[in-house]
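So the structure is just underneath, and the comments pick up after that.
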Amino acid sequence: MNSTTDMTTRLADLKRKVQRELEWIDFPAKTWVRPHEFRGRTIHDAVVIGAGMAGLAVSASLKRYGIANHVVLDMAPARQEGPWVTYARMETLRSPKILPGPCLNIPVLTFRSWFEHCHGEDAWAGLGLIPRGMWMDYLIWFRDVLDLPVENNVKVLDVDPVASGVIRLTIERDGQRQEIFTRKAILATGRDGSSSQYLPPVIADLPGHLRAHAADPIDFSALAGRRVAVIGAGASAMDNAATALENGAARVDLLIRRSDLPRINKYLGLGYPGSVNGFAGLSDAWKIRFLDYVMSAQTPPPRPSVLRVSRHPNAFFHLDCGLLDAREEGDAVALKTTRGTMTCDFLIAATGFDVSLARRPELHRIAPGIRLWKDRLDAMAGQIHCNEINGELASSPDLGPNFEFQPKTGMERQGLDDIHCFSFAASLSLGKVSGDIPAISDGADKLVRGIAAQFFQTDAAWHFANLEQFTTPEIFGDEWCDTALPTG
């Protein structure tokens, strides 16, 4: 038996095991949601926008709780959803291999279950960090084995609440614009789904052939023999620098504003059940104190990513080196820094993302009315000022308990609470349960439980009528005989 046939057999065996164990817990639950119509046709109960890890976790949770009438839309081709095989350029994940990820806390759906069936227990024992491509393979398997309703090559152009309990989505499929309707829209579009790439103005003003953001598609083969400068010191800076070096760049200079690299990942200090389940119930002051402290400390790049760069003799780290100016100079870029001047042929800005709902084209209609944390803080009579906290936190949406948008005071917009933000931007409102591997299952479960509760409460009269019509007997009257009482 060749290796391909053997792998196919192993995965078929695992699929049978998954199906059997899901039966044991009655997964998926029987559909119970009342069908809703708009303009004479049945509409979706939910549309999940984004089929990356977060979107798959939400879809699986919707199936688990009997909300079958949903669809997941992604603009990417099949098997290219999320960052894992596009702009993510690390060799391995930084998350430990033991984390449950999107498995809904069902053991047979974990990465470990999939890996051991594919490669064996001995291979698991020898595995260090998870290779990036292998994580994508796992997510593809997760989607397939649960038969999640994903539609690829579909771009959402507009999100518009058009009636009570109805969201209209304008989409583009096969070059054609269409409209679909849903009761709930769930934004599971990753880090950039509620933000935009941040480019310092001095970099943004350069012509496109001389610079790129770290999340852009980059032809690294074209950088062979060229001088590359990378702005930043985070994981993406290291991974882009290493990729340029591995593709033959003549030299790579990392310009790092800080005088030292952060050493401790403070987010790891919040990765326990108390934080996952308790953060949403904290006071505003405590929420801000926790996350502002973590973000101010900054997250260090993974050690393997730094070593991946530093093992190249033509890689140079320049600490305490802030970028002051960047100008086109012939076919090159002249850089002015706090440590002097230099020239490069191509500039990569690993400068992260800005949380900015207003810059998301699909949200242009609703973004002005969405309440942000800076709006919430400004209304707190000066107790906390938004200029006292991280700007990314201040610009985050102020979400309700089910990840739903809320309207700004005086700008009441019908239907905002039927649009749910299940991405990194939810962190300040509900904790880090919707953007990263560690607690993604907990976040998806919380979101879908809240949606299920709303569906039941909205249609309580319909469900009561069904209850009145429920006539399935458990006993039939032939199980006993009525006898007379004894006398005397």
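The values are calculated or read from the model by the stated rules, or taken from the named source; none is laboratory data. Since this is a predicted model, take the numbers as computed values, not measurements. Backbone-built Cβ (ideal geometry, glycine too); neighbour counts: all protein chains shown. Keep in mind that these areas ignore ligands, DNA and RNA; they rest on the heavy atoms of the full protein, side chains included. Shrake-Rupley method; radii C 1.70, N 1.55, O 1.52, S 1.80 Å.
Give the stretch 24-35 a look and list any residue that's open to solvent by 80 Å² or more (accessible area, probe 1.4 Å) and without any contact (Cβ under 8 Å) to a residue 40 or more places away in the chain, or say none. Talk me through it step by step, then tell me what you get.
Quick first cut of the stretch 24-35, residues open to solvent by 80 Å² or more (accessible area, probe 1.4 Å) only: 24-26, 30-31, 34-35.
Answer for the stretch 24-35, where residues must be open to solvent by 80 Å² or more (accessible area, probe 1.4 Å) and without any contact (Cβ under 8 Å) to a residue 40 or more places away in the chain: Trp24, Asp26, Lys30, Thr31, Pro35.
Out of the residues in the stretch 174-203 that are small (Gly, Ala, Ser) and modelled with pLDDT under 95, state the one that is surrounded by the most Cβ atoms within 10 Å (Cβ to Cβ). Selected residue: Ser194. Scanning the stretch 420-438 for residues that are surrounded by fewer than 24 Cβ atoms within 10 Å (Cβ to Cβ) and touching a strand residue (DSSP E or B) at 6+ places or on another chain (Cβ under 9 Å) yields Phe424, Ser429. The residues listed here are Ala326, Ala334, Ala285, Ala358; of these, the one that is surrounded by fewer than 15 Cβ atoms within 10 Å (Cβ to Cβ) and in a strand (DSSP E or B) is Ala334. Close Cβ contacts (under 7 Å, 6 or more residues apart or on different chains) running from residues in the stretch 291-303 that are at positive phi to residues that are assigned to a loop (DSSP other than H, G, I, E, B) and open to solvent by less than 30 Å² (accessible area, probe 1.4 Å) comprise Gln298/Pro262.
Going by the conditions given, is Pro301 surrounded by fewer than 17 Cβ atoms within 10 Å (Cβ to Cβ) and at pLDDT 95 or above? Answer is no for this residue. The single residue among Gly431, Gly410 that is free of Cβ contacts under 8 Å to residues at least 60 places away in the same chain and among the small types (Gly, Ala, Ser) turns out to be Gly410. Is it the case that Ile171 is open to solvent by less than 20 Å² (accessible area, probe 1.4 Å) and under 30 Å from Arg360 (Cα atoms)? When the stated conditions are applied, Ile171 passes them. Checking each residue in the stretch 204-242 for being in a helix (DSSP H, G or I) and either crowded, with 22+ Cβ neighbours inside 10 Å or at positive phi (or both) picks out Ser236, Ala237, Met238, Asp239, Asn240, Ala241, Ala242. All of (1) touching a residue at least 24 places away in the same chain (Cβ under 8 Å); (2) surrounded by 14 or more Cβ atoms within 10 Å (Cβ to Cβ) hold for Gly133 with one exception: (2).
If you go through the stretch 243-282 and keep only what is out of contact with any strand residue (DSSP E or B) (no Cβ under 8 Å at 6 or more places or on another chain), assigned to a loop (DSSP other than H, G, I, E, B) and among the aliphatic types (A, V, I, L, M), you end up with Leu261, Ile264, Leu282.
If I ask for residues that are of a type in the set (D, E, K, R) and crowded, with 18+ Cβ neighbours inside 10 Å, which ones from the stretch 304-323 would you list? Quick ask: steps written out before the conclusion?
To start, the set of residues in the stretch 304-323 that are of a type in the set (D, E, K, R) comprises 308, 311, 320.
The one that is of a type in the set (D, E, K, R) and crowded, with 18+ Cβ neighbours inside 10 Å: Arg308.
Within the stretch 102-123, the presence of at least one residue that is buried (at least 18 other Cβ atoms within 10 Å of the Cβ), of a type outside the set (Phe, Trp, Tyr), at pLDDT 95 or above and at positive phi is confirmed.
Taking the criterion of being crowded, with 21+ Cβ neighbours inside 10 Å and touching a Pro at 6+ places or on another chain (Cβ under 8 Å), the only residue of the stretch 387-414 that qualifies is Phe405.
If you go through the stretch 458-488 and keep only what is of a type in the set (Asp, Glu) and either part of a loop (DSSP other than H, G, I, E, B) or surrounded by 10 or more Cβ atoms within 10 Å (Cβ to Cβ) (or both), you end up with Asp459, Glu474, Asp478, Glu479, Asp482.
Any chance the stretch 4-23 includes a residue that's more than 27 Å from the chain's Cα centre (by Cα), at pLDDT 95 or above, assigned to a loop (DSSP other than H, G, I, E, B) and surrounded by 11 or more Cβ atoms within 10 Å (Cβ to Cβ)? Within the stretch 4-23, none of the residues are more than 27 Å from the chain's Cα centre (by Cα), at pLDDT 95 or above, assigned to a loop (DSSP other than H, G, I, E, B) and surrounded by 11 or more Cβ atoms within 10 Å (Cβ to Cβ).
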